[in-house]
Amino acid sequence: GVISPLPIPHETSLGNPKMHARVVTPALALDPEYWRALCPALHVGDDAFMASVKPMVVRGEIAQDARARLTKLGFTKIPGHRLNWRKAADHGKLARAVLTLLQHGWNPSWVLVYDEAWAIVQELSSFMYEATGNRINHDALVWHVSPHDENPTAFSPHRDRQPEDAPSTFREDGSSMYTTAWVPLTDATTENSCLCFIPRNQDPGYYAGDDDDPDAPPEKTDPLRLALPHKNAYQHITSVPAECGSVVVFTHRHV
């Protein structure tokens, strides 16, 4: 995701009108040269660049600590200084590309056209397997979030995944079979919308599942209401500020 303190592109700032999404044909959208011209600092379909990207090496105790916190709380943050970024070290290039895409009418997730986005995925792949037991599945999204956004692309509070049988989506050791790595491309703070979580032990539906009876009242089925039944419970909401280059990892059952 992009939590951007950079200048926000307004709808009146259209960039190059000849490259705006509203005039791009399907054929042009499939042409790598269009995307290279839009963000020339990035790579598109560059086999040599991607071949040079290797999974980062992270000390074993960092992955073990992450696994323990994921099992206990359902989320964890790994500071940037503990991660050995290489080809994907310059997150700022992707952040600037997102702003360029917005200026030209594209959703932030179109930055996944660029190899640098997948370099982040590749560099994290081994660490994520060690910390979670899960392999990369290429389910990826990108957001631009700012208090000044005219058309926000982020989500309101929600349960990340709603499987029919929630307990079956956990292993015997309590680890989750689906886990997300959220990488801020700019600093995410409490003032510009960092991630917030309700810890596992304060969420009655986290493991057991949620009641999806359409006839039941919301106070009996809404995960947020059940986890926050009274005002004192709001103290359990945990903000996770994350600097550029850090990683926030969380399971599929989080609110």
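The values are calculated or read from the model by the stated rules, or taken from the named source; none is laboratory data. Quick caveat: nothing in here was measured; it's all calculated off a predicted structure. In this analysis, Cβ positions are derived from the backbone assuming ideal geometry, glycine residues included, and neighbour counts consider all displayed protein chains. Ligands, DNA and RNA are excluded from the accessible area calculation, which covers all protein heavy atoms including side chains. Shrake-Rupley method; radii C 1.70, N 1.55, O 1.52, S 1.80 Å.
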Tell me whether region 208-255 comes out rounded, prolate or oblate; compute the Cα gyration tensor, take square roots of the eigenvalues as a ≥ b ≥ c, and use a/c under 1.5 as the rounded threshold. oblate
Which whole-Hz couplings ³J(HN,Hα) result when phi for each residue of region 75-82 is put into the Karplus expression 6.51 cos²θ - 1.76 cosθ + 1.60, θ = phi - 60°, listed in order with x for Gly and Pro? 8, 7, 10, 10, x, x, 6, 9
Report, as a whole number in µm² per second, the diffusion coefficient that Stokes-Einstein gives for the chain at 10 °C and 1.306 mPa s using the Kirkwood radius over alpha carbon pairs. 80 µm²/s
How large is ³J(HN,Hα) for each residue in region 176-184, as worked out from phi by the Karplus curve 6.51 cos²θ - 1.76 cosθ + 1.60 (θ = phi - 60°), to whole Hz, x for Gly and Pro? 8, 7, 9, 9, 10, 9, 10, 10, x
Per DSSP H run of at least 4 residues, take -39500 (n - 2.57); add these up for the chain, divide by its residues and hand me the 222 nm value, nearest 500 deg cm²/dmol. -7500 deg cm²/dmol
Is the C-alpha gyration tensor of region 57-102 telling us rounded, prolate or oblate? Criteria: a/c under 1.5 is rounded; beyond that, a/b larger than b/c is prolate, otherwise oblate. oblate
Would you mind working out the magnitude of the charge dipole of the chain relative to its Cα centre, with +1 at each Lys and Arg C-beta and -1 at each Asp and Glu C-beta, to the nearest 20 Debye? 680 debye
Residue-normalised value, i.e. accessible area per residue, for the chain at 1.4 Å probe, in Å², stands at 54 Å²
What ³J(HN,Hα) values, in whole Hz, does the Karplus curve 6.51 cos²θ - 1.76 cosθ + 1.60 give for region 202-209 when θ = phi - 60°, with x put for Gly and Pro? 10, 10, x, x, 4, 9, 5, x
Give the separation of the Cα centroids, region 191-249 to region 111-133, in Å. 26 Å
Full extension between SER52 and GLU150 adds, at 0.36 nm per residue less the Cα distance, a length in nm of 31.4 nm
Output the peptides 67-79, 17-29, 116-128, 165-177 sorted from most to least packed, where packing is the average of other Cβ atoms within 10 Å over each peptide's residues. 116-128, 67-79, 165-177, 17-29
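Mean separation of Cα pairs under 8 Å and 6+ residues apart, divided by the residue count of the chain: what relative contact order is that in percent?
29 percent
If you take every DSSP beta bridge whose two residues both sit in the chain, what share of them, in percent to the nearest 5, is antiparallel?
Numbers: 13 of 15 bridges.
Of all bridge pairs located within the chain, approximately 85 percent are antiparallel.
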On the accessible surface of the chain, probed at 1.4 Å, how many percent belong to carbon and sulfur atoms? 53 percent
